[in-house]
Amino acid sequence: MELVQNVINQSQGRDRLFRATQYACALCAYALRNDNRRKDLVSKLERLEANMSAGRKLFRLGNTINAIESAKRNSRLSDPALCLCLAVADVGRALYFICDNTLWAAGVGLLAGIDKERWSAAASRCYLLSLVMSLSRDVYVISRFVAEKTREKHFRRKMISHLKQNPDVAEVTVPQLDALVFLLLHCFKSQPAVLLDTVKNVCDLSIPLDKLGIYRSNAGAVAFCGLLSSLIGIVTLVRPDLKIKA
(Lines give C-alpha, C1' and ligand atoms only; values in the text may rest on other atoms or scores of the structure.)
Protein backbone atom coordinates (compact mmCIF):
# COMPACT_ATOMS: atom_id res chain seq x y z
CA MET A 1 0.00 0.00 0.00
CA GLU A 2 2.89 2.33 0.80
CA LEU A 3 4.32 1.79 -2.69
CA VAL A 4 0.97 2.76 -4.23
CA GLN A 5 0.86 5.92 -2.12
CA ASN A 6 4.39 6.84 -3.18
CA VAL A 7 3.35 6.58 -6.84
CA ILE A 8 0.10 8.52 -6.36
CA ASN A 9 1.88 11.28 -4.41
CA GLN A 10 4.13 12.02 -7.41
CA SER A 11 2.77 13.99 -10.36
CA GLN A 12 4.79 11.73 -12.65
CA GLY A 13 3.27 8.70 -10.94
CA ARG A 14 -0.28 9.99 -11.40
CA ASP A 15 0.44 10.74 -15.05
CA ARG A 16 1.65 7.17 -15.62
CA LEU A 17 -1.37 5.71 -13.84
CA PHE A 18 -3.64 7.86 -16.00
CA ARG A 19 -1.66 6.81 -19.08
CA ALA A 20 -1.97 3.11 -18.22
CA THR A 21 -5.71 3.56 -17.69
CA GLN A 22 -6.03 5.47 -20.96
CA TYR A 23 -4.37 2.76 -23.04
CA ALA A 24 -6.10 -0.06 -21.13
CA CYS A 25 -9.44 1.52 -22.05
CA ALA A 26 -8.33 1.89 -25.67
CA LEU A 27 -7.23 -1.75 -25.80
CA CYS A 28 -10.48 -3.03 -24.27
CA ALA A 29 -12.55 -0.83 -26.59
CA TYR A 30 -10.65 -2.19 -29.60
CA ALA A 31 -11.13 -5.78 -28.45
CA LEU A 32 -14.90 -5.27 -28.00
CA ARG A 33 -15.49 -3.05 -31.05
CA ASN A 34 -17.29 -5.77 -33.05
CA ASP A 35 -19.49 -7.00 -30.21
CA ASN A 36 -22.90 -5.42 -30.76
CA ARG A 37 -23.96 -6.34 -27.22
CA ARG A 38 -21.12 -4.25 -25.76
CA LYS A 39 -21.66 -1.01 -27.68
CA ASP A 40 -22.59 0.90 -24.52
CA LEU A 41 -19.51 -0.43 -22.73
CA VAL A 42 -17.28 0.49 -25.68
CA SER A 43 -18.75 4.00 -25.67
CA LYS A 44 -18.03 4.35 -21.94
CA LEU A 45 -14.47 3.09 -22.40
CA GLU A 46 -13.89 5.60 -25.20
CA ARG A 47 -15.18 8.46 -23.04
CA LEU A 48 -12.99 7.35 -20.14
CA GLU A 49 -10.00 7.16 -22.48
CA ALA A 50 -10.68 10.73 -23.65
CA ASN A 51 -11.00 11.96 -20.05
CA MET A 52 -7.73 10.27 -19.05
CA SER A 53 -5.98 11.91 -22.01
CA ALA A 54 -7.35 15.34 -21.04
CA GLY A 55 -6.35 14.84 -17.41
CA ARG A 56 -2.81 13.92 -18.39
CA LYS A 57 -2.43 17.20 -20.27
CA LEU A 58 -2.93 19.04 -16.97
CA PHE A 59 -0.18 17.01 -15.32
CA ARG A 60 2.18 17.92 -18.17
CA LEU A 61 1.83 21.67 -17.67
CA GLY A 62 5.24 22.93 -16.52
CA ASN A 63 7.11 19.84 -17.74
CA THR A 64 8.85 21.99 -20.34
CA ILE A 65 10.90 23.62 -17.59
CA ASN A 66 11.87 20.21 -16.17
CA ALA A 67 12.94 19.00 -19.62
CA ILE A 68 15.08 22.12 -20.19
CA GLU A 69 16.75 21.74 -16.80
CA SER A 70 17.43 18.07 -17.56
CA ALA A 71 18.96 19.06 -20.91
CA LYS A 72 21.28 21.50 -19.11
CA ARG A 73 22.41 18.80 -16.68
CA ASN A 74 22.96 16.22 -19.41
CA SER A 75 24.90 18.71 -21.56
CA ARG A 76 27.59 18.65 -18.86
CA LEU A 77 28.12 14.86 -18.98
CA SER A 78 31.72 13.83 -19.59
CA ASP A 79 30.78 11.14 -22.13
CA PRO A 80 30.15 12.98 -25.44
CA ALA A 81 27.85 10.28 -26.85
CA LEU A 82 25.64 10.22 -23.77
CA CYS A 83 25.74 14.01 -23.65
CA LEU A 84 24.48 14.29 -27.24
CA CYS A 85 21.80 11.60 -26.97
CA LEU A 86 20.34 12.72 -23.65
CA ALA A 87 20.54 16.46 -24.26
CA VAL A 88 18.85 16.21 -27.67
CA ALA A 89 16.24 13.82 -26.23
CA ASP A 90 15.45 16.38 -23.51
CA VAL A 91 15.23 19.21 -26.05
CA GLY A 92 12.82 17.07 -28.08
CA ARG A 93 10.74 16.47 -24.95
CA ALA A 94 10.70 20.20 -24.15
CA LEU A 95 9.48 21.05 -27.66
CA TYR A 96 6.87 18.29 -27.41
CA PHE A 97 5.53 19.72 -24.15
CA ILE A 98 5.33 23.20 -25.70
CA CYS A 99 3.21 21.81 -28.55
CA ASP A 100 1.15 19.74 -26.14
CA ASN A 101 0.51 22.74 -23.84
CA THR A 102 -0.52 24.81 -26.87
CA LEU A 103 -3.00 22.14 -27.92
CA TRP A 104 -4.40 22.00 -24.38
CA ALA A 105 -4.83 25.77 -24.30
CA ALA A 106 -6.62 25.64 -27.66
CA GLY A 107 -8.81 22.80 -26.41
CA VAL A 108 -10.06 24.76 -23.38
CA GLY A 109 -10.61 27.92 -25.40
CA LEU A 110 -7.60 29.96 -24.21
CA LEU A 111 -6.15 30.08 -27.72
CA ALA A 112 -8.12 30.50 -30.93
CA GLY A 113 -7.30 30.29 -34.60
CA ILE A 114 -4.45 27.78 -34.39
CA ASP A 115 -4.06 24.83 -36.74
CA LYS A 116 -4.54 21.92 -34.34
CA GLU A 117 -3.53 19.29 -36.88
CA ARG A 118 -0.28 21.10 -37.62
CA TRP A 119 0.54 21.50 -33.93
CA SER A 120 -0.34 17.85 -33.28
CA ALA A 121 1.98 16.74 -36.10
CA ALA A 122 4.76 18.95 -34.69
CA ALA A 123 4.24 17.40 -31.24
CA SER A 124 4.51 13.90 -32.73
CA ARG A 125 7.73 14.82 -34.58
CA CYS A 126 9.31 16.19 -31.39
CA TYR A 127 8.20 13.11 -29.46
CA LEU A 128 9.67 10.87 -32.17
CA LEU A 129 12.99 12.77 -32.01
CA SER A 130 13.12 12.33 -28.24
CA LEU A 131 12.41 8.59 -28.50
CA VAL A 132 14.97 8.03 -31.26
CA MET A 133 17.67 9.75 -29.20
CA SER A 134 16.67 7.81 -26.08
CA LEU A 135 16.91 4.57 -28.04
CA SER A 136 20.30 5.70 -29.36
CA ARG A 137 21.41 6.05 -25.75
CA ASP A 138 20.19 2.51 -25.02
CA VAL A 139 22.07 1.13 -28.03
CA TYR A 140 25.21 3.02 -26.96
CA VAL A 141 25.02 1.68 -23.40
CA ILE A 142 24.55 -1.87 -24.71
CA SER A 143 27.42 -1.57 -27.21
CA ARG A 144 29.70 -0.16 -24.51
CA PHE A 145 28.83 -3.10 -22.24
CA VAL A 146 29.50 -5.58 -25.06
CA ALA A 147 32.85 -3.94 -25.83
CA GLU A 148 33.90 -4.05 -22.19
CA LYS A 149 32.95 -7.70 -21.79
CA THR A 150 34.77 -8.82 -24.94
CA ARG A 151 37.96 -7.34 -23.50
CA GLU A 152 37.65 -9.35 -20.28
CA LYS A 153 39.60 -12.62 -20.53
CA HIS A 154 37.36 -14.38 -18.00
CA PHE A 155 34.20 -13.48 -19.91
CA ARG A 156 35.77 -14.40 -23.26
CA ARG A 157 36.57 -17.87 -21.92
CA LYS A 158 32.99 -18.15 -20.69
CA MET A 159 31.64 -17.15 -24.11
CA ILE A 160 33.93 -19.62 -25.95
CA SER A 161 32.83 -22.35 -23.56
CA HIS A 162 29.20 -21.51 -24.35
CA LEU A 163 29.83 -21.83 -28.11
CA LYS A 164 31.61 -25.17 -27.64
CA GLN A 165 28.73 -26.50 -25.54
CA ASN A 166 26.33 -25.70 -28.38
CA PRO A 167 28.13 -27.00 -31.52
CA ASP A 168 24.91 -27.71 -33.41
CA VAL A 169 23.73 -24.13 -32.95
CA ALA A 170 27.13 -22.77 -33.97
CA GLU A 171 27.07 -24.83 -37.18
CA VAL A 172 23.58 -23.71 -38.15
CA THR A 173 23.95 -20.05 -37.27
CA VAL A 174 26.79 -17.59 -37.66
CA PRO A 175 29.10 -18.09 -34.65
CA GLN A 176 29.57 -14.32 -34.30
CA LEU A 177 25.80 -13.86 -34.17
CA ASP A 178 25.47 -16.55 -31.50
CA ALA A 179 28.20 -14.81 -29.50
CA LEU A 180 26.41 -11.47 -29.88
CA VAL A 181 23.12 -12.98 -28.64
CA PHE A 182 25.00 -14.46 -25.67
CA LEU A 183 26.48 -11.03 -24.90
CA LEU A 184 23.11 -9.29 -25.17
CA LEU A 185 21.41 -11.81 -22.90
CA HIS A 186 24.17 -11.37 -20.35
CA CYS A 187 23.85 -7.59 -20.65
CA PHE A 188 20.09 -7.60 -20.06
CA LYS A 189 20.43 -10.10 -17.22
CA SER A 190 23.06 -8.04 -15.40
CA GLN A 191 21.44 -4.68 -16.30
CA PRO A 192 17.64 -5.14 -16.34
CA ALA A 193 17.20 -1.35 -16.32
CA VAL A 194 18.66 -1.20 -19.84
CA LEU A 195 16.26 -3.90 -21.04
CA LEU A 196 13.22 -2.17 -19.53
CA ASP A 197 14.19 1.22 -20.97
CA THR A 198 14.79 -0.28 -24.42
CA VAL A 199 11.45 -2.11 -24.44
CA LYS A 200 9.68 1.02 -23.17
CA ASN A 201 11.16 3.24 -25.89
CA VAL A 202 10.47 0.69 -28.65
CA CYS A 203 6.84 0.44 -27.50
CA ASP A 204 6.47 4.22 -27.39
CA LEU A 205 7.81 4.52 -30.94
CA SER A 206 4.58 3.03 -32.30
CA ILE A 207 2.60 6.08 -31.15
CA PRO A 208 4.30 8.90 -33.15
CA LEU A 209 5.06 6.57 -36.07
CA ASP A 210 1.35 5.79 -36.38
CA LYS A 211 0.22 9.41 -35.94
CA LEU A 212 2.68 10.67 -38.55
CA GLY A 213 1.76 7.89 -40.98
CA ILE A 214 5.35 6.63 -41.13
CA TYR A 215 4.38 3.15 -39.97
CA ARG A 216 0.66 2.49 -39.63
CA SER A 217 -0.48 0.15 -36.86
CA ASN A 218 -3.99 -0.78 -35.83
CA ALA A 219 -5.47 0.88 -32.76
CA GLY A 220 -5.15 -2.33 -30.75
CA ALA A 221 -1.40 -2.64 -31.34
CA VAL A 222 -0.81 1.03 -30.44
CA ALA A 223 -2.94 0.65 -27.28
CA PHE A 224 -1.07 -2.51 -26.24
CA CYS A 225 2.33 -0.85 -26.76
CA GLY A 226 1.18 2.23 -24.83
CA LEU A 227 -0.11 0.09 -21.96
CA LEU A 228 3.09 -1.96 -21.76
CA SER A 229 5.21 1.19 -21.83
CA SER A 230 3.06 2.76 -19.08
CA LEU A 231 3.37 -0.32 -16.86
CA ILE A 232 7.16 -0.29 -17.27
CA GLY A 233 7.14 3.40 -16.31
CA ILE A 234 5.17 2.60 -13.14
CA VAL A 235 7.58 -0.24 -12.28
CA THR A 236 10.57 2.12 -12.54
CA LEU A 237 8.86 4.54 -10.17
CA VAL A 238 8.15 1.80 -7.65
CA ARG A 239 11.64 0.34 -8.13
CA PRO A 240 14.05 3.25 -8.79
CA ASP A 241 16.91 0.74 -9.12
CA LEU A 242 15.28 -0.44 -12.36
CA LYS A 243 15.41 3.05 -13.87
CA ILE A 244 18.29 3.47 -16.30
CA LYS A 245 21.01 5.86 -15.18
CA ALA A 246 22.87 8.19 -17.50
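The values are calculated or read from the model by the stated rules, or taken from the named source; none is laboratory data. The shown structure was predicted, so the numbers you read here are calculated from the model rather than taken from an experiment. FYI the Cβ positions are ideal-geometry reconstructions off the backbone, even for glycines, and counts take in every protein chain you see. Please note that ligands, DNA and RNA were not included when accessible areas were found on the heavy atoms of the full protein model with its side chains. Shrake-Rupley method; radii C 1.70, N 1.55, O 1.52, S 1.80 Å.
Looking at this model, which pairs from Lys116/Lys245; Lys200/Lys245; Lys72/Lys211; Lys72/Lys149 are more than 24 angstrom apart at the alpha-carbon?
Violating the 24 Å limit, Cα to Cα: Lys116/Lys245; Lys72/Lys211; Lys72/Lys149.
Name the shape class, rounded, prolate or oblate, that the alpha-carbon gyration tensor gives for the chain, where a ≥ b ≥ c are the square roots of its eigenvalues, rounded holds for a/c under 1.5, and otherwise prolate holds if a/b is larger than b/c and oblate otherwise.
Verdict is prolate for the chain.
Give the calculated FRET efficiency between Ala31 and Arg239 to the nearest 0.05, with a Förster radius of 30 Å applied to their Cβ-Cβ distance.
According to the calculation, E is roughly 0.55.
For Lys189, go through the aspartates and glutamates and keep the ones whose alpha-carbon is under 20 Å away, minus same-chain ones fewer than eight residues off.
By straight Cα distance, Lys189 reaches Asp138, Glu148, Glu152, Asp178, Asp197, Asp241.
Tell me, what % of the accessible area of the chain is carbon and sulfur with a 1.4 angstrom probe?
Solvent-exposed carbon and sulfur of the chain make up 60 percent of the total.
Please give me the summed charge of the neighbours of Ser70: other residues whose Cβ is under 10 Å from its Cβ, Lys and Arg +1, Asp and Glu -1.
Local net charge: +1.
Pick out, from Phe97, Ala147, Ser120, the residue whose Cα sits farthest towards the positive end of the charge dipole of the stretch 61-159, with +1 on the Cβ of Lys and Arg and -1 on the Cβ of Asp and Glu.
Positive-end residue among those listed: Ala147.
Taking the solvent-accessible surface of protein heavy atoms with a 1.4 Å probe, what is the per residue accessible area of the chain in Å²?
Accessible area per residue: 59 Å².
Take each of the peptides 12-19, 60-67, average the number of other beta-carbon atoms within 10 Å over its residues, and list them starting from the highest.
12-19, 60-67
In the chain, which Cys residues have no partner Cys with a Cβ closer than 4.7 Å?
Cys25, Cys28, Cys83, Cys85, Cys99, Cys126, Cys187
Any chance you could list the semi-axes, whole Å, largest first, of the equivalent ellipsoid that the Cα gyration tensor gives for the stretch 19-144, using √(5λ)?
Sorted largest first and rounded, they come to 34, 20, 11 Å.
Going by average Cβ density within 10 Å per residue, which order do the peptides 86-98, 180-192 take, highest to lowest?
By packing density, highest mean first, the sequence is 86-98, 180-192.
Relative to the present Cα-Cα distance, how much length would full extension add between Asp115 and Lys44 at 0.36 nm per residue of separation?
Taking Asp115 through Lys44 to full extension adds about 22.7 nm, to one decimal.
Taking the Cα centre of the chain as the origin, how large is its charge dipole in debye, to the nearest 20, when only Lys and Arg (+1) and Asp and Glu (-1) carry charge on their Cβ atoms?
260 debye
Obtain the nm distance between the two label points defined at Tyr215 and His154 by a simple spin-label model: each point lies 7 Å from its Cα along the Cα-to-C-beta direction.
3.9 nm
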